[in-house]
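**Student:** Dumping the structure here so I can ask a few things about it.
The values are calculated or read from the model by the stated rules, or taken from the named source; none is laboratory data. Being a predicted model, the structure only gives us computed values, none of them experimental. A quick note on method: Cβ atoms are made from the backbone with ideal geometry, for glycine too, and the neighbour counts reach across all protein chains shown.
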Amino acid sequence: MTDKQKFTWKYDDFSIGFSDKSSAFTASLFKDEIALRTGNAQGFTDDCADIQKHTFMLEICPDFDNKDTFEICYDDGTYTIRARSVRGLIYGYSLFLRKATFKNGVIELTADICGYHSPRKALRGHQAGYRTTPNTYDAWDYDQYFRFYLDIMAFGANICEHNGTKPGNNFRNAIMKYEQYEFLQEATRLADTVDLDVSLWHANNDDETETEALALREWLYSTLKRLDYLFIPGGDPGEMPADKFIERCLKIHKVLMKSHPEARLQPSAQAPHSMPEWGRVFMDSIKDTPKEIDAIIMGPNHAFPIHELRAKTPSGYPLRFYPDITHNLRCEYPVNFLHDDWHFALASTLSRESVNPRPAELRKLHRIFSPYTIGGVSYSEGVHDDVNKAVWSALEWNPEADLREILLDYARLYMYGTDEEKIADTIFLLEKNWQGDPVENPCIDFAYANLCQLKKEHPSLATNWRFMLLYFRGCCDKLVKMRRLFENRLVKKAEYLIEKSCPADAIEVLRTPYDNEIKSLRLELDSLAEQLFTLIGIQLDVEHYCADSWERGATLETIDNNVTDCAFLLHKLQQMDMSNSNSVELAKSLISRNRVNDDEVYYSVALHGLDTLGVSQVGEFYMDIQGDRPYTREAPLPMSMTNVFDHFTFDAKFGGLNADCDYTLTIIYKGKPNNDTDQHKITINDNVIYCGPQYGGTVDPDFDEKMLAPGFQSASYLIRKEFLINGTAILRISEPTEGFKFCELYIKKNKSE
């Protein structure tokens, strides 16, 4: 260093120089970013004779070992960014933008950015497939995709992933501006201009012959300007046997090499559900390590958990991760993925792809999986996971990165000129909003208040789609909490009236309309949806914005779903004939549905969670959430039935039972049993109480009709008192071939006791 580094500049005292054509292009991108933040469109020159007059100099240096590394030096008043290609220079100026504030006419660098910067993971990228399924990308034009490239590169991504296509065989919705194969050609060209690697997710179609598949790929790949990685999923979708799958992959590699000889083939170990032996056959098929394969991908519906996959995969193949950072439920890593206990009120209303910043959870996920992989490309279906993309990229660059600093970078980069501290804290709050019952979570109120204050104090944020996504989420969480508090009061009052034998009065209470505050907030969501569609193309409902379905980020399709038992009680009570003398007793049975004596057990997956069972579940179970499904509007189900546990085994420990009584175990299953299996087994303290066809047991049609939603059924089994051990019971349910789904169980004393 020849003088003290400069950390502040006035807006009109900032200039950028360059040394050649490549750095000139990058300098123009950098200039645009500065102009966007300052309103100063000057500061860019091709006259580099006097280096001291430039705030930044950009230089291409071929001596760097790879394209991902860059260096920033300071000398005589100038910061110089050096890299091997445009990619590294973009990383360099993006680091400056992440660490700089733009306020009151002054640019201030908040940290020393000088040094040699190199990522820890080789593969760092995100999907942005142009098809109807995503809730955002299909609405974009080429300029928006190019902006997306720069945005993911700002946090160190070096790969964008698109999806393969078949001309003439792709559905194009009303908002898609291009044919998919035409888009793919231009998208890869644009990626090449910034030296961003292109990965292509290209599934095998079950309805095409091998000859057709190879011909399509040979033609398509030859039309693409750039193709660095080919990701062929083993399943999800696809039903090809593993040995045939590997054979097909090797043949596809041969046609790939004709147009892209440096491209790398990376198949995934994602197993079709219909082939339980797929994983074993897959491993047998790659044991001789075909040289055509570069890496094996770990993704959703994986054949093996990550540790087992690494142990079984030949050491010559690295693992590439395909992390699902986009879904909240019915997915590989649901909200609170180590416990899978996202509260039913939030799951029911916000569903699978709502705005979902999950920074702390992603860091946990990264710490679990990072040691096994060389990096990865995330699974994404839209911008609702934008924070997650930034966090994941930053952690792939540096696994020890400070999480709060990443969020400060996010705020400084994308919401410049505002309060980055409050924005970072509010993102953390939004994640904590999803912990536990909304009515017990003050973070929801704090986050909403912060967002309202930020929006008021910084008017520019009203046109910033990233902030408005956060604001939309904060409004959703607040609405769910307000509705739940309001409805809980109605349910409590209705239950009191039913206990007093006044079910007709209870109906009127349950029909009470929401107050004006709730109505106003709900109306605001409609307005925000329109605004966000205009700003970034996110499709928050099906009718107005062309969302693919209610499950694909269309939050307005689910936000009004049930959050309490209010709708269930009202639906059941309205079906009763109040002139019938039995109506009072039936109404009372509804509100006592989940009540048992102190020496009995009632357990609901939704109400009680898996952590209360005294034992961890074995293997990888699936939580089949029901509360966000459209059918729950016409046929409301009790909130206790909204979480369906789907697995091959279930284990639980219960105490407080009466050792001198026989009991009846009643399990509430979902779906019809498969009578072709005969290995459904239930034990209490290792004593078999049932073994036979799936479910089995004794059915109670009257209970099922009155207390269960359509598609569910009960089955009961005798627990003899000699099977209990001093009032304790270790329950195990197992079915090794088909598995089973259940949502509730009762252990109640036999009536004769």
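**Student:** Kindly provide the set of residues from region 638-659 that are in a loop (DSSP other than H, G, I, E, B), within 29 Å of Ser589 (Cβ to Cβ) and at pLDDT 95 or above, ordered by number. Before the answer, list the steps.
**Tutor:** So the first thing to find is which residues in region 638-659 are in a loop (DSSP other than H, G, I, E, B), and the list is 638, 642, 648, 655-659.
After this cut, where a residue has to be within 29 Å of Ser589 (Cβ to Cβ) as well, the list is 638, 642, 655-659.
Residues satisfying the conditions are Pro638, Thr642, Gly655, Gly656, Leu657, Asn658.
**Student:** Take Ala157 and decide whether it is crowded, with 22+ Cβ neighbours inside 10 Å and either among the β-branched types (Val, Ile, Thr) or touching a Cys at 6+ places or on another chain (Cβ under 6 Å) (or both).
**Tutor:** Working: crowded, with 22+ Cβ neighbours inside 10 Å: yes; either among the β-branched types (Val, Ile, Thr) or touching a Cys at 6+ places or on another chain (Cβ under 6 Å) (or both): no.
So Ala157 does not fit the description; no.
**Student:** Val688 versus (1) of a type in the set (A, V, I, L, M); (2) surrounded by fewer than 16 Cβ atoms within 10 Å (Cβ to Cβ); (3) over 22 Å from Gly619 (Cβ atoms): which is the lone unmet condition?
**Tutor:** Checking Val688 against (1) of a type in the set (A, V, I, L, M); (2) surrounded by fewer than 16 Cβ atoms within 10 Å (Cβ to Cβ); (3) over 22 Å from Gly619 (Cβ atoms), the one that fails is (3).
**Student:** Please go through region 573-598 and pick out each residue that is surrounded by fewer than 16 Cβ atoms within 10 Å (Cβ to Cβ) and among the charged types (D, E, K, R).
**Tutor:** The answer is Asp577, Glu585, Lys588, Arg595, Asp598.
**Student:** So if I check each of Glu420, Glu396, Glu381, which one is at pLDDT 95 or above, more than 29 Å from Gly105 (Cβ to Cβ) and more than 15 Å from the chain's Cα centre (by Cα)?
**Tutor:** Among Glu420, Glu396, Glu381, only Glu396 is at pLDDT 95 or above, more than 29 Å from Gly105 (Cβ to Cβ) and more than 15 Å from the chain's Cα centre (by Cα).
**Student:** Something else: Can you tell me which condition Lys721 does not meet? The list is (1) out of contact with any strand residue (DSSP E or B) (no Cβ under 7 Å at 6 or more places or on another chain); (2) within 26 Å of Pro636 (Cα to Cα), and all the others hold.
**Tutor:** Looking at each condition in turn, Lys721 falls short on (2).
**Student:** Hey, can you tell me all the residues within region 554-572 that are crowded, with 22+ Cβ neighbours inside 10 Å and over 30 Å from Ala529 (Cα atoms)?
**Tutor:** Within region 554-572, just Leu569 meets the criteria.
**Student:** Please tell me if Ser393 is within 24 Å of Thr326 (Cα to Cα), of a type in the set (Ser, Thr, Tyr), in contact with a helix residue (DSSP H, G or I) (Cβ under 8 Å, 6 or more places away or on another chain) and not in a helix (DSSP H, G or I). Walk me through how you get there before you give the answer.
**Tutor:** On the way: within 24 Å of Thr326 (Cα to Cα): yes; of a type in the set (Ser, Thr, Tyr): yes; in contact with a helix residue (DSSP H, G or I) (Cβ under 8 Å, 6 or more places away or on another chain): yes; not in a helix (DSSP H, G or I): no.
In short, no.
**Student:** On to the next question. In this structure, does Tyr137 turn out to be of a type in the set (Ser, Thr, Tyr) and within 30 Å of Cys73 (Cβ to Cβ)? Please lay out each step first, then the result.
**Tutor:** Details: of a type in the set (Ser, Thr, Tyr): yes; within 30 Å of Cys73 (Cβ to Cβ): no.
So Tyr137 does not fit the description; no.
**Student:** It is to be established whether one or more residues within region 124-136 are surrounded by fewer than 21 Cβ atoms within 10 Å (Cβ to Cβ) and either closer than 14 Å to Trp392 by Cβ or in contact with a Leu (Cβ under 7 Å, 6 or more places away or on another chain) (or both).
**Tutor:** No, there is no match, as no residue in region 124-136 is surrounded by fewer than 21 Cβ atoms within 10 Å (Cβ to Cβ) and either closer than 14 Å to Trp392 by Cβ or in contact with a Leu (Cβ under 7 Å, 6 or more places away or on another chain) (or both).
**Student:** Further question: Looking for whichever is among the aromatic types (Phe, Trp, Tyr), outside any loop (DSSP other than H, G, I, E, B) and in contact (Cβ under 8 Å) with a residue 24 or more places away in the chain here; the options are Phe337, Phe282, Phe304. Which one fits? Walk me through it before giving the result.
**Tutor:** Numbers: Phe337 fails: outside any loop (DSSP other than H, G, I, E, B); Phe304 fails: outside any loop (DSSP other than H, G, I, E, B).
Answer to the check: Phe282.
**Student:** What's the number of the condition Asn398 fails, among (1) within 24 Å of Glu277 (Cα to Cα); (2) surrounded by fewer than 18 Cβ atoms within 10 Å (Cβ to Cβ)?
**Tutor:** Here Asn398 meets the rest and fails (1).
**Student:** Conditions first: (1) more than 26 Å from Thr373 (Cα to Cα); (2) free of Cβ contacts under 8 Å to residues at least 40 places away in the same chain; (3) of a type in the set (Val, Ile, Thr). Thr223 passes all but one, so which condition is the exception?
**Tutor:** (2)
**Student:** Exactly one of these conditions fails for Leu362: (1) under 22 Å from the mean Cα position of the chain (by Cα); (2) part of a loop (DSSP other than H, G, I, E, B); (3) of a type outside the set (D, E, K, R). Give me its number.
**Tutor:** It fails just one condition, (2).
**Student:** Tell me which residues, restricted to region 329-374, are aliphatic (A, V, I, L, M), closer than 13 Å to Ile625 by Cβ and touching a Pro at 6+ places or on another chain (Cβ under 9 Å). Don't jump to the end; show me each part of the working.
**Tutor:** Within region 329-374, the subset aliphatic (A, V, I, L, M) is 329, 335, 338, 345-347, 350, 355, 360, 362, 365, 368, 374.
Still in the running and closer than 13 Å to Ile625 by Cβ: 329, 335, 345-347, 350.
Correct list: Ala345, Leu346, Ala347.
**Student:** Out of the residues in region 188-244 meeting the condition of being buried (at least 22 other Cβ atoms within 10 Å of the Cβ) and among the small types (Gly, Ala, Ser), tell me which one is farthest from Asp68 (Cα to Cα).
**Tutor:** Looking at the filtered set, the residue picked out is Ala242.
Yes/no matrix, rows are residues, columns are (1) in contact with a Phe, Trp or Tyr (Cβ under 9 Å, 6 or more places away or on another chain); (2) of a type outside the set (S, T, N, Q); (3) farther than 24 Å from Gln185 by Cβ:
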residue	(1), (2), (3)
Ser222	no, no, no
Leu230	yes, yes, no
Glu239	no, yes, yes
Asp243	yes, yes, yes
Val255	yes, yes, no
Lys258	yes, yes, no
Ala263	yes, yes, no
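**Student:** Oh, and also: If I ask for residues that are of a type in the set (Gly, Ala, Ser), modelled with pLDDT of 95 or more and either under 15 Å from Gly627 (Cα atoms) or touching an Asp or Glu at 6+ places or on another chain (Cβ under 9 Å) (or both), which ones from region 527-585 would you list? Before the answer, list the steps.
**Tutor:** Of the residues in region 527-585, the ones of a type in the set (Gly, Ala, Ser) are 527, 529, 537, 547, 549, 553-554, 567, 579, 581, 583.
Keeping just the survivors that are modelled with pLDDT of 95 or more gives 527, 529, 537, 547, 549, 553-554, 567.
The answer is Ala529, Gly537, Ala547, Ser549, Gly553, Ala554, Ala567.
**Student:** I would also like to ask the following. Out of Lys481, Lys492, which single residue is touching a Pro at 6+ places or on another chain (Cβ under 6 Å) and free of Cβ contacts under 8 Å to residues at least 60 places away in the same chain? Walk me through how you get there before you give the answer.
**Tutor:** On the way: Lys492 fails: touching a Pro at 6+ places or on another chain (Cβ under 6 Å).
Just a single option satisfies the conditions, and that option is Lys481.
**Student:** Looking for something in contact with a helix residue (DSSP H, G or I) (Cβ under 7 Å, 6 or more places away or on another chain) and in contact (Cβ under 8 Å) with a residue 60 or more places away in the chain - is there at least one such residue anywhere in region 684-692?
**Tutor:** No.
**Student:** Moving to a separate point now. Output yes when any residue across region 142-163 is closer than 19 Å to Leu224 by Cα, in contact (Cβ under 8 Å) with a residue 24 or more places away in the chain and small (Gly, Ala, Ser), and no when none is.
**Tutor:** Within region 142-163 (the criterion being closer than 19 Å to Leu224 by Cα, in contact (Cβ under 8 Å) with a residue 24 or more places away in the chain and small (Gly, Ala, Ser)), the answer is no, since none of the residues qualifies.
**Student:** Okay, moving on. Within region 327-353, can you find the residues that are surrounded by fewer than 24 Cβ atoms within 10 Å (Cβ to Cβ) and hydroxyl-bearing (Ser, Thr, Tyr)?
**Tutor:** The one that is surrounded by fewer than 24 Cβ atoms within 10 Å (Cβ to Cβ) and hydroxyl-bearing (Ser, Thr, Tyr): Tyr333.
**Student:** If a residue must be at negative phi and not in a helix (DSSP H, G or I), how many such residues does region 454-503 contain? Reasoning before the result, please.
**Tutor:** Within region 454-503, the first condition is being at negative phi, and the residues that meet it are 454-500, 502-503.
Remaining after also requiring not in a helix (DSSP H, G or I): 458, 464, 500, 502.
Residues in region 454-503 being at negative phi and not in a helix (DSSP H, G or I): 4 in total.
**Student:** Filter region 732-749 down to the residues that are closer than 17 Å to Gln679 by Cβ and either among the small types (Gly, Ala, Ser) or not in a loop (DSSP other than H, G, I, E, B) (or both) and list them by number.
**Tutor:** Hits for region 732-749 are Arg732, Ile733, Ser734, Gly739, Phe740, Lys741, Phe742.
**Student:** Are any of the residues in region 118-137 among the β-branched types (Val, Ile, Thr), farther than 26 Å from Phe533 by Cα, assigned to a loop (DSSP other than H, G, I, E, B) and modelled with pLDDT of 95 or more?
**Tutor:** If we filter region 118-137 for residues that are among the β-branched types (Val, Ile, Thr), which is where we start, we get 132-133, 136.
Add one more test, that the residue is farther than 26 Å from Phe533 by Cα, and what stays is none.
No, because not a single residue in region 118-137 is among the β-branched types (Val, Ile, Thr), farther than 26 Å from Phe533 by Cα, assigned to a loop (DSSP other than H, G, I, E, B) and modelled with pLDDT of 95 or more.
**Student:** Within region 390-445, work out how many residues are aliphatic (A, V, I, L, M) and touching a Gly at 6+ places or on another chain (Cβ under 7 Å).
**Tutor:** In the first step, residues of region 390-445 are kept if they are aliphatic (A, V, I, L, M); the result is 390-391, 394-395, 401, 403, 406-408, 411, 413, 415, 423-424, 427, 429-430, 439, 444.
With touching a Gly at 6+ places or on another chain (Cβ under 7 Å) added as a condition, the list becomes 394, 430.
Going through region 390-445 one residue at a time, the tally reaches 2.
**Student:** Name, by its number, the condition in (1) touching a residue at least 60 places away in the same chain (Cβ under 8 Å); (2) part of a helix (DSSP H, G or I) that does not hold for Asp526.
**Tutor:** (1)
**Student:** Condition check: within 30 Å of Gln575 (Cβ to Cβ) and surrounded by 14 or more Cβ atoms within 10 Å (Cβ to Cβ). Does Gln713 satisfy that? Please lay out each step first, then the result.
**Tutor:** Values: within 30 Å of Gln575 (Cβ to Cβ): yes; surrounded by 14 or more Cβ atoms within 10 Å (Cβ to Cβ): yes.
Taking the combined requirement at face value, the residue satisfies it.
**Student:** Quick check on this structure: which one of Leu556, Leu532, Leu573 is without any contact (Cβ under 8 Å) to a residue 60 or more places away in the chain and not assigned by TED's automatic domain parsing to the domain that holds Ala128?
**Tutor:** Details: Leu532 fails: without any contact (Cβ under 8 Å) to a residue 60 or more places away in the chain; Leu573 fails: without any contact (Cβ under 8 Å) to a residue 60 or more places away in the chain.
Going through Leu556, Leu532, Leu573 in turn, just one is without any contact (Cβ under 8 Å) to a residue 60 or more places away in the chain and not assigned by TED's automatic domain parsing to the domain that holds Ala128: Leu556.
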